[in-house]
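This report refers to the structure that appears directly beneath it.
The values are calculated or read from the model by the stated rules, or taken from the named source; none is laboratory data. Everything numeric here is computed off the predicted structure, so don't read it as measured data. Neighbour counts are summed over all protein chains in view; Cβ atoms, including those assigned to glycine, are modelled from backbone coordinates with ideal geometry. All accessible areas refer to the heavy atoms of the entire protein, side chains included, with ligands and DNA or RNA removed. Shrake-Rupley method; radii C 1.70, N 1.55, O 1.52, S 1.80 Å.
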Amino acid sequence: MAGPDEDQLAMSPLPPGSRIGILGGGQLGRMLALAAAPLGYRCHIFGPEAAPPAGQVADAVTIADYLDEAALSGFAESVDVVTLEFENVPAAALEFLAQRVPVRPGAKALATAQDRLVEKDFANSVGAATAPYATVDSLAELQDAMKKIGPRAVLKTRRLGYDGKGQVMLDPDSDLSQAWAAMAGAPSILEGFIAFDGEVSVIAARGLDGTVSAYPPIANRHRNHILDISEVPAALNPVQSKRAIAIATDLITALEYVGIMAVEMFVTGDEMLVNEMAPRVHNSGHWSIEGAETSQFEQHIRAICGLPLGAMSLRGRVEMRNLIGDDVEQVPALLAEPGAHLHLYGKAEVRPGRKMGHVTYVRPDPGAEGSTP
Ligand code: AMP
């Protein structure tokens, strides 16, 4: 057990010049590394993919499998703290690293967010409502669950689904054996279909000292199951808004989380149903680079390095649009618009559905004091 001195040492901020290890090398890692630099930190990217976008702006890159112990060991020795931009890092890799260097957020948060069943059980255990759900491991269980949860429902794999992948929408006319076959035997979950009024996310931060802060709820719209537009603040009434923030606060606190966590929710009247938790910086928070006092990327770096959290207030009404696939061809035209803040992710190949960049607009809030209409 750590004595008081060790506890204190673990809580003290990492000095400038320290190295942050980031598991995953995509755009989230890239924006984390860009935010770490002005705070005086260097980043080391670790992941299996060649030419990671984050590697272009990092101090060091290791391209290796997440289960390559020799590579993990060298990585752990070269950094002072490890974080991640990709939640499906194998648990064994995190355990290996956690024995050598602080890993923030920790294994509990990761294990919870990696499995939709564990995630929903956890949300309910802290009093956060979800869609009704049942575990499905066979066609017979699916048929049974449809009777209880249907007539409209969504069948999802428990693990590794994102952006609508590993999901089948079901209605009374659906062929259940075909739907079950699409899961390819993967442990799954059936969720009741929610005819929601809208989708929002709350992005919250928890510091090493337990301080919690959050941005106002963000309204999200999807195109082909991929986030298209985020707007903040979401047009919620004060009851809805307060509830959404309270849910995120309860979840992040119960997980003893360190860093940024996103909670996606369905809005149904005054009720907020938790859909998913992301134990990392999130696409629906990219607007915060220009639109908030402290960006989600800086806030995450502050938290994992033991620094005080920054203010999460807005700088206006903010909108973020993702540039997906050949949307990037619009870049010159987008840049001709005053107030368009462009972020490209440095991906060489344009593919349909691939997130290539985003653009943010910050507009004066007509309700705010001193703002111009
Ligand atoms: P997910 O991968 O769970 O984030 O789901 C992707 C998208 O599918 C969500 O953002 C919703 O638009 C839709 N969706 C997922 N689950 C449900 C549900 N239970 N009821 C209605 N729509 C859903």
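A few comments on the model shown:
- Count - residues of region 122-136 that are surrounded by fewer than 20 Cβ atoms within 10 Å (Cβ to Cβ) and closer than 28 Å to Tyr66 by Cα: 0
- Of the strands (runs of 3 or more DSSP E) entirely within region 295-363, those holding at least 3 residues that are at negative phi, without any contact (Cβ under 8 Å) to a residue 60 or more places away in the chain and open to solvent by less than 50 Å² (accessible area, probe 1.4 Å) occupy 355-363.
- Tallying residues that are closer than 19 Å to Pro16 by Cβ and under 13 Å from the mean Cα position of the chain (by Cα) within region 260-311 yields 2.
- Here Lys108 fulfils each of the conditions (1) within 27 Å of Val263 (Cα to Cα); (2) open to solvent by 60 Å² or more (accessible area, probe 1.4 Å); (3) modelled with pLDDT of 95 or more apart from (3).
- Complete set of residues in region 182-204 that are in contact with a His (Cβ under 8 Å, 6 or more places away or on another chain) and open to solvent by 10 Å² or more (accessible area, probe 1.4 Å): Glu199
- Residue in region 247-267 that is under 23 Å from Leu117 (Cα atoms), among the β-branched types (Val, Ile, Thr), more than 16 Å from the ligand (Cβ to nearest atom) and surrounded by fewer than 16 Cβ atoms within 10 Å (Cβ to Cβ) present: yes
- Scanning region 168-194 for residues that are free of Cβ contacts under 8 Å to residues at least 40 places away in the same chain and within 10 Å of the ligand (Cβ to nearest atom) yields one hit, Met169.
- Hey, Lys120 assigned to a helix (DSSP H, G or I), touching a Ser or Thr at 6+ places or on another chain (Cβ under 7 Å) and outside the structural domain of Asp209 (by TED's automatic domain parsing) or not: yes
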